[in-house]
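**Q** Before I ask anything, here is the structure I am working with.
The values are calculated or read from the model by the stated rules, or taken from the named source; none is laboratory data. These figures come from a predicted structure and were not determined experimentally. Positions of Cβ are generated from backbone atoms using ideal geometry, with glycine treated the same way; all protein chains shown enter the neighbour counts.
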Amino acid sequence: MLVHTLFFELAVCTQAGPGQWSARGAWALLEAQSYSLTEHSSLFLKGKLVLLRVCNGLLRRLSKTLDTEWCGRVLMFLTAAYPLSERSAVNVKGEVR
């Protein structure tokens, strides 16, 4: 849980621009550690909501037209990390957006 919270705080405190201490650098670190964060079931179960919050926060902050590749990488990470049976991946109410 501490690792996920650290990534959350890092993503919140950084800006979306280029640079070593930017959100891009934080995302590169998250992608590099994605196997250890998602494949260990006990670690993933404890921090899956924090990871979802990090990804949704990044997607909200990024420009859909300027940062298309980065948005796609975030979405690909989400699809690889969460199973289809995950409640956050299912439209339970059936709402059209």
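**Q** Across the stretch 74-97, which residue is nearest to GLY47 (Cα to Cα) among those that are surrounded by 15 or more Cβ atoms within 10 Å (Cβ to Cβ) and in contact (Cβ under 8 Å) with a residue 40 or more places away in the chain?
**A** ALA81
**Q** Find the residue count for the stretch 73-96, including only residues that are among the polar types (S, T, N, Q) and at pLDDT 85 or above. Break it down into steps so the answer makes sense when it comes.
**A** Going residue by residue through the stretch 73-96, those that are among the polar types (S, T, N, Q) are 79, 85, 88, 91.
Filter again for at pLDDT 85 or above, leaving 79.
Adding up the residues that qualify gives 1.
**Q** Out of all the residues in the stretch 73-86, which are more than 21 Å from THR5 (Cβ to Cβ) and part of a helix (DSSP H, G or I)?
**A** ARG73, LEU75, MET76, THR79, ALA80
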